[in-house]
């Protein structure tokens, strides 16, 4: 299929102090206790919090029907009280509703939207179809156990209080340095975007990936699919976060990180790994579509601009 042309990229409006956060559950069913603990944490930080009464609905591995989950996002985008949208959890389900979402509504609302894991699909959709920066960051499935550093970093980015450059520190795996816009998220969801109207665009970009529960050969297969789809052409670098439970006792080598390193070498781009984001407590926020640099010698990704537009 031909991919629709993406609108010019714009940034969401910064979250105001004491503003209202809307909670969405576009993926898997929500743990009520963790949801309540997360809501209390946000209220203790001075924010108002709203969500639909049926946010706890469950249909198998989904947080209610496709219609419920799509309507929830539309309502949060439309509600003038809501300043930003936080996703309750990942799991699976977001790709089922993307065709039903209104990109013009999301763009007009210009509200920061935060999530990771399965929410990668929604962030890519928002980037490609609505032309809007979104945030790869922690969700309410942490309950009240989200590390203070991750919570404070999230709020600072949503409110535009972070002072660039922001540094994500890891370790270099393939030498080199480059500049580009950050794009990506969970590798499985990045790969699943191929052939869709929200297919990831990597030319001139730094591909940011993390994964959970995928063995090295499956990671190899996903990277090969991206390569075959032309996603390594014009790529500037690969930044790797947590690779949780991605080992294979039957075939211990190459491990998941070695597979990614091999792909980076074939693509001729620098690679930095061990960055603090993804399926782990140290899940720092980064914005989809902002300018950054990657430097393997320094072992870091430097984020060069805010992900929100502050009122002047």
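Where a number appears in this text, it was derived from the coordinates with a stated rule and is not lab data. It should be emphasised that the depicted structure is a prediction, and the values quoted were computed from it without experimental measurement. Neighbour counts are summed over all protein chains in view; Cβ atoms, including those assigned to glycine, are modelled from backbone coordinates with ideal geometry.
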Rounded to 5, percent antiparallel among DSSP beta bridges of the chain: 45 percent
For the chain, longest principal axis from Cα atoms; helix 66-78 axis from its Cα atoms; angle between them, nearest 10 degrees, is 70 degrees
Burial-style ranking of 254-267, 199-212, average other-beta-carbon count within 10 Å with highest first, yields 199-212, 254-267
A correct Stokes-Einstein calculation for segment 166-303, using the alpha-carbon Kirkwood radius, 4 °C and 1.567 mPa s, returns a whole-number D in µm² s⁻¹ of 89 µm²/s
Amide N of segment 10-42 lying under 15 Å from the label point, which is placed 7 angstrom from the Cα of residue 59 along Cα→Cβ: 25-30
Would you please put 23-30, 237-244 in order of how densely packed they are, using the mean number of other Cβ atoms within 10 angstrom per residue and starting with the highest? 23-30, 237-244
If one compares the long axis through the Cα atoms of helix 148-158 with the longest principal axis of the Cα atoms of the chain, the angle in degrees, nearest 10, works out at 80 degrees
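What does DSSP give for segment 20-158 in terms of the percent of beta bridges that are antiparallel, rounded to the nearest 5?
Counting only bridges with both partners in segment 20-158, antiparallel ones make up about 10 percent.
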Among 286-299, 122-135, how do they line up from the highest to the lowest mean number of other beta-carbon atoms within 10 Å? 122-135, 286-299
Suppose each label sits 7 Å from its Cα in the direction of the beta carbon; what would the residue 5-residue 74 distance come out to in nanometres? 2.8 nm
Summing -39500 (n - 2.57) over every DSSP H run of at least 4 residues in the chain and dividing by its residue count gives a helix-only mean residue ellipticity at 222 nm, to the nearest 500 deg cm²/dmol, of -8000 deg cm²/dmol
Added length on full extension, which subtracts the Cα-Cα distance from 0.36 nm per residue, residue 148 to residue 100: 13.7 nm
Value in Å of the Kirkwood radius, where segment 119-221 supplies the Cα pairs that are averaged: 15.7 Å
Starting at 0 and stepping by 5 Å, how many percent of the alpha carbon pairs of segment 20-158 end up in each bin? 2, 11, 22, 27, 22, 13, 4, 0
